[in-house]
Amino acid sequence: MTFDPQIWADQAAVYAPPYPRRQMVADIRRTHLKAGATRAEVIALLGAPTETDKFADHDLVYWLGPEEGAISVDSQWLLIDLDAAARVNTVAVATD
């Protein structure tokens, strides 16, 4: 699914099937989140990070949805790490 900032930000859509953030994350990583982007650019693109105690060792964390599969007990997350200049260093998807 192509990244759509309105759908990404729509709280009603984010927490309901088909979990559009989970579907958009590949496009976001491929075309939008480039190494060297500033923290401000990421927040302008994706909005405020998800408030969570999970993955506290990462700079920006976004909830994507429940893990894919027949039985989903965990969640998938977009993890963004910044360098000393507050620019994107690494981007990963993880399951808690």
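The values are calculated or read from the model by the stated rules, or taken from the named source; none is laboratory data. In this text, all values refer to a predicted model and were calculated from it rather than measured experimentally. Using ideal geometry, Cβ is built from the backbone for each residue, glycine included, and neighbour counts are taken over all protein chains shown.
Within the range 71-87, take every residue that is under 13 Å from the mean Cα position of the chain (by Cα) and not charged (D, E, K, R) and give me the one that is surrounded by the most Cβ atoms within 10 Å (Cβ to Cβ). Taking the candidates together, the pick is Leu78. Count of the range 76-96 residues, restricted to those that are in contact with a Ser or Thr (Cβ under 7 Å, 6 or more places away or on another chain) and either without any contact (Cβ under 8 Å) to a residue 24 or more places away in the chain or not in a strand (DSSP E or B) (or both), is 3.
Looking across the range 30-64, the residues that are closer than 23 Å to Gln11 by Cα and of a type in the set (A, V, I, L, M) come down to Leu33, Ala40, Val42, Ile43, Ala44, Leu45, Leu46, Ala48, Ala56, Leu60, Val61, Leu64. Yes or no: Leu45 among the aliphatic types (A, V, I, L, M), surrounded by 11 or more Cβ atoms within 10 Å (Cβ to Cβ) and over 22 Å from Thr95 (Cβ atoms)? Judged against the criteria, Leu45 is a match. Restricting attention to the range 20-53, and to residues there that are in a loop (DSSP other than H, G, I, E, B), modelled with pLDDT of 95 or more and touching a helix residue (DSSP H, G or I) at 6+ places or on another chain (Cβ under 9 Å), which single residue is nearest to Asp96 (Cα to Cα)? Among residues in the range 20-53 that are in a loop (DSSP other than H, G, I, E, B), modelled with pLDDT of 95 or more and touching a helix residue (DSSP H, G or I) at 6+ places or on another chain (Cβ under 9 Å), the one nearest to Asp96 (Cα to Cα) is Pro49.
Condition first: in contact with a Ser or Thr (Cβ under 8 Å, 6 or more places away or on another chain), more than 21 Å from Pro5 (Cβ to Cβ) and not in a strand (DSSP E or B). Can you find one or more residues in the range 55-72 that meet it? If you could, list the steps in order and put the result at the bottom.
The first filter runs over the range 55-72 and keeps only residues in contact with a Ser or Thr (Cβ under 8 Å, 6 or more places away or on another chain), leaving 61-67.
Checking which are more than 21 Å from Pro5 (Cβ to Cβ) leaves us with 66-67.
Cutting the leftovers down to not in a strand (DSSP E or B) gives us 67.
Yes, because at least one residue in the range 55-72 is in contact with a Ser or Thr (Cβ under 8 Å, 6 or more places away or on another chain), more than 21 Å from Pro5 (Cβ to Cβ) and not in a strand (DSSP E or B).
There is at least one residue in the range 62-70 that is buried (at least 17 other Cβ atoms within 10 Å of the Cβ), of a type in the set (Gly, Ala, Ser) and in contact (Cβ under 8 Å) with a residue 24 or more places away in the chain.
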